[in-house]
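Structure first, then comments.
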Amino acid sequence: GNSVTQMEGPVTLSEEAFLTINCTYTATGYPSLFWYVQYPGEGLQLLLKATKADDKGSNKGFEATYRKETTSFHLEKGSVQVSDSAVYFCALSDGGAGGFKTIFGAGTRLFVKA
Amino acid sequence: NAGVMQNPRHLVRRRGQEARLRCSPMKGHSHVYWYRQLPEEGLKFMVYLQKENIIDESGMPKERFSAEFPKEGPSILRIQQVVRGDSAAYFCASSPRSSQGSETQYFGPGTRLLVL
């Protein structure tokens with residue numbers, strides 16, 4: 001079945017450091033890929049998405065490229081801020097008969113130190 | 001445009017009681033999804049509903065859990081005879097009818113259920 005694997009956390013970085021959170025997926029067909037962010041005590045917010053191979057999603061300085069050849073969708077940011085501290089979830093939506101249910105990775109907690 | 005609304009935000013129940021969680025999708029959205037998040041884990045799909053229909057309940061436990069999305073009013077996730085293992089955050093998401101094949105789901109703030 002479809003699945004998402006992302007790097008385990010927590011990831012601890014200093015402010016202005018470069019961020020990479022790895023995400024790989026297994027899917028039949030051509031899923032859409034997403035990154036969601038969850039701040040403490042809150043629900044999930046869509047950060048960015050990509051719907052087909054080689055698409056790059058970007059938002060708030062974050063970006064991720066849909067790589068079909070490596071089945072990956074790694075999240076990157078060139079310079080993190082303290083306010084980026086949160087849990088990041090990689091996800092896919094398969095768009096099949098199941099009605100686009102979203103399958104999530106386990107999440108990666110990011111701590112950014114001032 | 002109000003986002004997805006869930007209530008209550010926090011719910012405390014004793015073992016054996018019933019929990020009812022409500023979700024009002026975004027205006028114009030007719031698809032509702034329920035997810036459960038256990039502490040320090042990702043979200044797990046439970047059920048997908050459209051108005052008056054359950055489309056996919058493959059993630060729902062076979063007993064004690066039920067969901068509905070009536071023609072009028074919010075979607076309800078009901079947990080009967082709660083046990084401590086039901087303690088979790090329950091998130092609802094909604095999406096519009098989309099022909100583009102890449103529906104984005106919009107999440108509510110969640111209901112955090114604590115079973116004592």
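The values are calculated or read from the model by the stated rules, or taken from the named source; none is laboratory data. Model, not experiment: these values are computed from the prediction. Heads up, the Cβs are rebuilt from the backbone with ideal geometry, glycines too, and the neighbour counts pull from every protein chain shown. With ligands, DNA and RNA removed, areas are computed over all heavy atoms of the protein, side chains included. Shrake-Rupley method; radii C 1.70, N 1.55, O 1.52, S 1.80 Å.
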So which residues of the stretch A:23-52 lose at least 10 Å² of accessible area, probe 1.4 Å, when you go from the chain by itself to every protein chain present?
A:S32, A:F34, A:Y36, A:Q38, A:G41, A:E42, A:G43, A:L44, A:L46, A:K49, A:T51
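Quick one: net charge of A:F104's neighbours, Cβ under 12 Å, K/R +1, D/E -1? Walk me through the numbers on the way to the answer.
Details: positive: A:K101, B:R36, B:K44; negative: B:E41.
Taking every other residue near A:F104 into account, the sum is +2.
So, with a 1.4 angstrom probe, what is the percent of accessible area on the stretch B:19-116 that is carbon and sulfur? Write out the running numbers ahead of the final one.
Values: 2120 of 4570 Å².
Its accessible area is 46 percent carbon and sulfur atoms.
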Just from the alpha-carbon atoms, what are the Rg and Dmax of the stretch A:17-114 in angstroms?
13.3, 46
Relative contact order [Cα under 8 Å, 6+ residues apart], the stretch A:1-95, whole percent
36
Where in chain A lies the longest segment free of trypsin sites (Lys or Arg not before Pro) that are both loop residues by DSSP (not H, G, I, E, B) and have at most 16 other Cβ atoms within 10 Å?
A:1-51
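Return one whole number: the accessible area per residue of chain B in Å², for a 1.4 Å probe.
On the way: 5980 Å² over 116 residues.
It amounts to 52 Å² per residue over chain B.
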If contacts are Cα pairs under 8 angstrom and at least 6 residues apart, what is the relative contact order of chain B in percent?
36
Can you pick out the pairs among A:K52/B:K62; A:K52/A:K113; A:K49/B:K62; A:K56/B:K51; A:K68/B:K51; A:K68/A:K101 whose Cα atoms lie more than 25 Å from each other?
A:K52/B:K62; A:K52/A:K113; A:K49/B:K62; A:K56/B:K51; A:K68/B:K51
In Å², rounded to a whole number, the accessible area per residue of the stretch A:27-114 with probe 1.4 Å is 43
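If you keep only loop residues by DSSP, which GluC sites (Glu not before Pro) in the stretch A:52-81 have at most 12 other Cβ atoms within 10 Å of their Cβ?
When the GluC sites (Glu not before Pro) of the stretch A:52-81 are filtered for loop state and at most 12 Cβ neighbours within 10 Å, A:E69 remain.
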Give me the net charge for the shell around B:Q105: Cβ to Cβ below 11 angstrom, other residues only, Lys and Arg +1, Asp and Glu -1.
+1
P(r) histogram, all alpha-carbon pairs of the protein assembly as shown included - 10 Å bins from 0, percent
8, 33, 35, 20, 5, 0
Could you tell me, in Å, what Rg and Dmax come out for the Cα atoms of the stretch B:24-110?
13.0, 41
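Shielding of B:39-46 by partners, i.e. mean partner chain Cβ atoms within 10 Å per residue? Write out the running numbers ahead of the final one.
Working: counts 0, 5, 3, 14, 12, 2, 5, 1.
Mean shielding by partner chains, rounded to a whole number: 5.
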Chain A, accessible surface, carbon-and-sulfur percent (1.4 angstrom probe):
49
Quick one: net charge of B:V47's neighbours, Cβ under 13 Å, K/R +1, D/E -1?
+2
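Return the value, in Å² to the nearest 100, of accessible area buried between chains A and B (probe 1.4 Å, both sides summed). Working shown, then result.
Working: alone 6120 and 6810 Å², together 11230 Å².
For A against B, buried area totals roughly 1700 Å².
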What's the longest bit of chain B with no exposed GluC sites (Glu not before Pro), using DSSP loop states and at most 10 other Cβ atoms within 10 Å as the test?
B:73-116
Low-density loop chymotrypsin sites (Phe, Trp or Tyr not before Pro), the stretch A:8-114, at most 15 other Cβ within 10 Å, DSSP non-H/G/I/E/B, are A:F18
